[in-house]
Amino acid sequence: MMKIDLSVAVTEEIVNTLSNLGADKQIPPVAKFGHIGTHFDIMDKEFHLENTERTGKVFDVSHVKGRDIEATDIDAAKIAENDFVMFHTGCLKEKKYGSPEYFTAHPELSQALITYLVNKKVSLIGIDTAGIRKPAEHPQADRYCADHGIFVIENLNNLDILLQESKGRSFMVHTYPVNYLGLTGLPCRIVAEI
């Protein structure tokens, strides 16, 4: 059995850089902390403990450039209800986490693909970018998923290693968000078990 940590390592440098980004918005420091590193936007919903262990599927979409990622870019037939579906875009490896480019110039899932995943009733959607949609549509996409009982987990790490080691097979994923109340984002530790 092999375990792969899919969480971004948060350093003091990252915390300082990202804390300064929203300084003009009067966001309390603890609220900012909820959106640093690997996390999901809670969207006033509850993370059910059943989501701590889910079957994972990871798809390599790093070849998709200059357009949205569509359902036709993956083997969508492999997706089952309650899966934790992950998308490896390569963004986290190509752009420095915390840089302006990382947050604004990342690939995104198409609205049709997001709707497809919602209709499949997956439990979690993960991606190695700052969100499944760019900043202008980020909150709406997360809200749409959360309203259907699905959380979007952002800033996944080591998806390239997971792809190599899983060789297209399903695997178990352990997801443990920090038990904070009143935050808009919850940092979490995510470990794939192959």
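Among the residues of the range 135-151, the ones that are part of a loop (DSSP other than H, G, I, E, B) and more than 13 Å from the chain's Cα centre (by Cα) come to 5 in all. The conditions of being touching a Cys at 6+ places or on another chain (Cβ under 6 Å) and either open to solvent by 10 Å² or more (accessible area, probe 1.4 Å) or among the aliphatic types (A, V, I, L, M) (or both) are met by V152. For the range 142-194, the set of residues classified as closer than 12 Å to V58 by Cβ and aromatic (F, W, Y) consists of F171 only.
Within the range 104-124, being in contact (Cβ under 8 Å) with a residue 24 or more places away in the chain, over 13 Å from the mean Cα position of the chain (by Cα) and under 27 Å from T17 (Cβ atoms) holds for one residue alone: T104. Test H88 against the stated conditions and say whether it is within 28 Å of T184 (Cα to Cα) and open to solvent by 80 Å² or more (accessible area, probe 1.4 Å). So H88 does not fit the description; no.
When S19 is tested against (1) modelled with pLDDT under 85; (2) touching a Lys or Arg at 6+ places or on another chain (Cβ under 7 Å); (3) more than 20 Å from Y97 (Cβ to Cβ); (4) not aromatic (F, W, Y), only condition (3) is not met. The set of residues in the range 163-185 that are of a type outside the set (A, V, I, L, M, F, W, C), open to solvent by less than 60 Å² (accessible area, probe 1.4 Å) and under 18 Å from the mean Cα position of the chain (by Cα) comprises H174, T175, P177, G185. Restricting the first member to the range 1-13 and to residues that are open to solvent by less than 100 Å² (accessible area, probe 1.4 Å), and the second to residues that are of a type in the set (D, E, K, R) and outside any loop (DSSP other than H, G, I, E, B), the beta-carbon pairs closer than 7 Å and six or more apart or on different chains are M2/E165; I4/E165; S7/R189. Taking every residue in the range 73-95 that is closer than 12 Å to Y116 by Cβ and touching a residue at least 40 places away in the same chain (Cβ under 8 Å) and pairing it with any residue that is open to solvent by 30 Å² or more (accessible area, probe 1.4 Å) and basic (K, R), at least 6 positions away or on another chain, the pairs with Cβ-Cβ distances below 9 Å are A76/K120; I79/K120; V85/K120. Taking the range 163-194 as the search range and keeping residues that are assigned to a loop (DSSP other than H, G, I, E, B) and in contact with an Asp or Glu (Cβ under 9 Å, 6 or more places away or on another chain), which one is nearest to K120 (Cα to Cα)? Across the range 163-194, the extreme among qualifying residues is S170. I want to confirm something. Restricting to the range 152-162 and keeping residues that are outside any loop (DSSP other than H, G, I, E, B) and within 16 Å of I36 (Cα to Cα), which single residue is farthest from the chain's Cα centre (by Cα)? That would be V152. Considering only the range 101-128, state which residues are at pLDDT below 95 and β-branched (V, I, T). Result: T104, single match.
Of all the criteria given as (1) touching a helix residue (DSSP H, G or I) at 6+ places or on another chain (Cβ under 7 Å); (2) touching a residue at least 24 places away in the same chain (Cβ under 8 Å), the one not satisfied by R169 is (1).
Within the range 102-134, the residues that satisfy the criterion of being under 24 Å from V8 (Cα atoms), part of a helix (DSSP H, G or I) and open to solvent by less than 10 Å² (accessible area, probe 1.4 Å) are Y102, I114.
The values are calculated or read from the model by the stated rules, or taken from the named source; none is laboratory data. Just so it is clear, the model here is predicted, and its values are computed rather than measured. Neighbour counts are summed over all protein chains in view; Cβ atoms, including those assigned to glycine, are modelled from backbone coordinates with ideal geometry. The accessibility values were calculated without ligands, DNA or RNA, using every heavy atom of the protein model including side chains. Shrake-Rupley method; radii C 1.70, N 1.55, O 1.52, S 1.80 Å.
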